[in-house]
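Computed from the coordinates by the stated procedures, all read-outs in this text should not be read as laboratory data. What you see is a predicted model; the values in this text were computed from it and never measured. Every residue, glycine as well, gets a Cβ built from its backbone with ideal geometry; the counts of neighbours run over all protein chains shown.
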Amino acid sequence: MDGPAVESRFEPWLRSFALDGFIHLHVAAVMEGLPEFVQTDFLTDRGFRMVDYEPGPGVVMRVPVASPTFGKPSRAIVLKRTLRHRPIDFVRYVIAHELAHAHLYNRGRSPDEDPEFAADELAKAWGFPKPLR
Ligand SMILES: [Zn+2]
């Protein structure tokens, strides 16, 4: 029999973003799948921001930007709550893809690599490949 559930080490960090419940749950699942150095990269970056919003007519999303810390540019990811209408493997792929962009500071893994290709490849390496349509 399992013991009492132990809160993941990401929960206090994750709660600080006050995400919608559905988004929170799936970001937690993706975070669990990331390599430890990538998890630490996010958990220790005080300039990292994560927000969600409900898209709709006239809704303008303002991306929160923290002031740069320790000379590094600040990073943010934005997630649409309408992801709740999508299959779970797609939801987690999108979250992993966005986290990959943030991890790579929106660049490729090498100077000439396309950032979109790099984010997809990293998401796949983390266990969240782009689902086949
Ligand atoms: Zn992208």
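Over every pair of different alpha-carbon atoms in the chain, take the mean of 1/r and invert it; report that Kirkwood radius in Å.
With all distinct Cα pairs of the chain included, I get 15.7 Å.
Using the Cα centre of segment 56-133 as the reference point, and only Cβ charges (+1 on K/R, -1 on D/E), how large is the resulting charge dipole? Debye, rounded to the nearest 20.
440
Just going by the charge dipole of the chain, with Lys and Arg at +1 and Asp and Glu at -1 on Cβ, which of S74, Y53, H103 is farthest out on the positive end?
The residue sitting most towards the positive pole is Y53.
If amide H atoms are built 1.01 Å from N in the plane of the peptide, which residues on other chains or at least 5 residues away come under 5 Å of the amide H of L79?
Distant-sequence amide H within range of L79: V51, D52, Y53.
Where the only charges are on Cβ atoms (+1 Lys, Arg; -1 Asp, Glu), what is the dipole of the chain about its Cα centre, to the nearest 20 debye?
It comes to approximately 380 debye.
Among 87-98, 122-133, 48-59, what's the highest-first ranking by average C-beta atoms within 10 angstrom per residue?
Order by mean packing, descending: 87-98, 122-133, 48-59.
Relative to a virtual label point 7 Å from the Cα of K72 in the Cα→beta-carbon direction, which members of segment 104-133 show backbone nitrogen distances below 11 Å?
Hits in segment 104-133 for K72 at 11 Å: 104-105.
Cα to Cα, under 12 Å, and not fewer than 8 places away if on the same chain: which aspartates and glutamates meet these conditions relative to K80?
In chain and number order, the partners are D20, D52, E54, E98.
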